[in-house]
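Right, one structure below, let's go through it.
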Amino acid sequence: MPPRRRSAVSRLRPLMRRAAIAVLFAAVGSGLWYAEEREVRDGLSWMGVPDWQRLTPLSLHRVLRNDGYLVGWSDVRVSPLWVSYRLAAVGDARIGERPGFRRDWRTLWPVTPDSYLGSGYDRGHLAPNYAIAAVHGRGAQRDTFLMSNMVPQRPSLNRRLWQRLEEVVIDRFVPRVGALQVIAGPVFASRFQQGALHRVGLVEVPVAFYKILVVPGARPRALAFVMPQAVSGDEPLDRFVVSIDRIEALTGLDFFPHLPAAAADVLEGRVETDGWGLEAVARLPGRFD
DNA sequence: TTTAATGT
């Protein structure tokens, strides 16, 4: 009796079974990755990480995970578009020495610690050294010195006005409200404004910077600022208060995308400075004056 | 008790 010839279909079956198993493993693996990634992101943001109002080539960006904060990185701008982190009241706030600036190899474009040399711009932290170190520890502090966390800032902004805001946030607001969600980032010129596409090396230079503070909870409260590059540094902080809607109009981002529309209208459309004690701290001198 | 950073 001649051996039974195996049909093409039956020969295919083991192969398909193997392929199915591989697909299953990939699905489970990426599912686990996704669940873990979402858990980390949820711990470093509130009501979802910033999203886009409309998708354009300029709005391509990816989320970089760090110890203590997240970065929305744009390979088009060669710049962070936002950072997201949480601050909580801590007792002993002594922190370690300033670590050195480091290249972030995830950015692909070579942005190195000397990329701003001789440009007249400071390497300004978006996620701040001091507050992140005080709340999240030494490893997180080191991560704030990644070049993917830097934006070109004029010295009078970085060392004076912006520094005063960072100091007020961690020293005054956090003890007052208990915990804060913070989102900060750059504002770029529109294509038609003067100074559009001004770069330091590969890095696009912003015209201004925003910082959004939210007290999470059933009745969340927000305080938001936009500060331009050109400041003297001793302006009162309350001069720069804006609504979150204003920052969304300037950046094209959608902040807190998981927040229900009715709550978003209230939180993002209004400027409500009551309860922050802003007037009392708006004119405090900076540390380096 | 020093939280910003450059240039020397």
Residue list for the stretch A:130-140, restricted to those being surrounded by 14 or more Cβ atoms within 10 Å (Cβ to Cβ) and either over 15 Å from residue A:71 (Cβ atoms) or charged (D, E, K, R) (or both): A:130, A:131, A:133, A:134, A:135, A:137
Cβ-Cβ under 8 Å pairs, at least 6 apart or on other chains, the stretch A:27-38 side under 20 Å from residue A:66 (Cβ atoms), far side modelled with pLDDT of 75 or more and in a helix (DSSP H, G or I): none
Of all residues in the stretch A:93-118 being in contact with a helix residue (DSSP H, G or I) (Cβ under 6 Å, 6 or more places away or on another chain) and not hydroxyl-bearing (Ser, Thr, Tyr), the one that is surrounded by the fewest Cβ atoms within 10 Å (Cβ to Cβ): A:96
Options A:160, A:164: the member that is near DNA strand B (Cβ under 9 Å from one of its atoms), among the basic types (Lys, Arg), touching a residue at least 60 places away in the same chain (Cβ under 8 Å) and assigned to a helix (DSSP H, G or I): A:160
Hits in the stretch A:247-278 - residues which are charged (D, E, K, R) and either without any contact (Cβ under 8 Å) to a residue 12 or more places away in the chain or not assigned by the TED database to the domain that holds residue A:60 (or both): A:265, A:274
Top-ranked residue in the stretch A:257-289 [being of a type in the set (A, V, I, L, M) and crowded, with 16+ Cβ neighbours inside 10 Å; ranked as nearest to DNA strand B (Cβ to nearest atom)]: A:281
Output for the stretch A:59-92, where each listed residue is of a type in the set (A, V, I, L, M, F, W, C), surrounded by fewer than 18 Cβ atoms within 10 Å (Cβ to Cβ) and without any contact (Cβ under 8 Å) to a residue 60 or more places away in the chain: A:60, A:63, A:76, A:90
Residue satisfying all of: in the stretch A:129-147; β-branched (Val, Ile, Thr) and assigned to a helix (DSSP H, G or I); nearest to residue A:84 (Cα to Cα) among these: A:132
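Condition check ((1) surrounded by fewer than 22 Cβ atoms within 10 Å (Cβ to Cβ); (2) over 17 Å from the mean Cα position of the chain (by Cα)) across all residues:
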| residue | (1), (2) |
| --- | --- |
| A:160 | yes, yes |
| A:172 | yes, yes |
| A:186 | no, no |
| A:201 | yes, yes |
| A:209 | no, no |
| A:238 | yes, yes |
| A:247 | no, no |
| A:250 | yes, no |
Filtered residue count, the stretch A:46-68, keeping only those that are among the small types (Gly, Ala, Ser) and at pLDDT 90 or above: 2
Residue in the stretch A:218-227 that is modelled with pLDDT under 95 and crowded, with 17+ Cβ neighbours inside 10 Å present: no
Selection from the stretch A:76-133 of residues that are within 13 Å of DNA strand B (Cβ to nearest atom), over 18 Å from the mean Cα position of the chain (by Cα) and either outside the structural domain of residue A:226 (by the TED database) or closer than 22 Å to residue A:180 by Cβ (or both): A:90, A:91, A:92, A:93, A:94, A:95
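The values are calculated or read from the model by the stated rules, or taken from the named source; none is laboratory data. This structure is a prediction, so every number in the text was calculated from the model and none was measured. Note that each Cβ is placed from the backbone with ideal geometry, even for glycine, and that neighbours are counted across all protein chains shown.
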